[in-house]
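Contents: one structure, followed by commentary.
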Amino acid sequence: MGVLGIFRKRYVVRRFKTQKIVNGYAVAPYEDIAVSLNVQPLTPNELLALPEGERRFRRLKAYGDLLLTASNPKEGIPGDWLYYRGEWYKCVSAAPWDHTILSHCESQFAAVAEAEPSANLEPPRMEV
């Protein structure tokens, strides 16, 4: 763990596998893993930099050692989800920052819509 580990807490990340179509519906198996992250809401200036239509979703950013997977609809990968304060957030971008001695990965998350399949929205079964 990097130097910034003192600011991190344990969170649950739901890591999805490739989607498959079953009876006309997209289904993706997943596993929940415990990850050490520094999670923060986006600042007002960061929100202003987003396209207007995306500003209405609650957003978070997270820093950690694990490179999370952002959603990729073209390849059928829903991306990783973060369980934060009783709600799920989906990873919309993830990038490694390895240009300094404090190398880490930065990810951004948007709140998951309630229209998601109810099986995906279940709280994690593990304690962190």
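The values are calculated or read from the model by the stated rules, or taken from the named source; none is laboratory data. These numbers were taken from a predicted model, which means no experiment stands behind them. Glycine also receives a Cβ, built like all others from the backbone with ideal geometry; neighbour counts cover every protein chain displayed. Areas reflect the complete protein model, heavy atoms only, side chains present, ligands, DNA and RNA absent. Shrake-Rupley method; radii C 1.70, N 1.55, O 1.52, S 1.80 Å.
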Can you confirm whether Val92 is among the β-branched types (Val, Ile, Thr) and open to solvent by 50 Å² or more (accessible area, probe 1.4 Å)? yes
For residues that are open to solvent by 80 Å² or more (accessible area, probe 1.4 Å) and not in a helix (DSSP H, G or I), scanning just segment 36-50, find the one that is modelled with the lowest pLDDT. Ala49
Inside segment 19-35, the number of residues satisfying the requirement of being outside any strand (DSSP E or B), touching a strand residue (DSSP E or B) at 6+ places or on another chain (Cβ under 6 Å) and either open to solvent by 40 Å² or more (accessible area, probe 1.4 Å) or modelled with pLDDT of 90 or more (or both) is 1
Is it true that Gly53 is at pLDDT below 80 and in contact with a Ser or Thr (Cβ under 7 Å, 6 or more places away or on another chain)? no
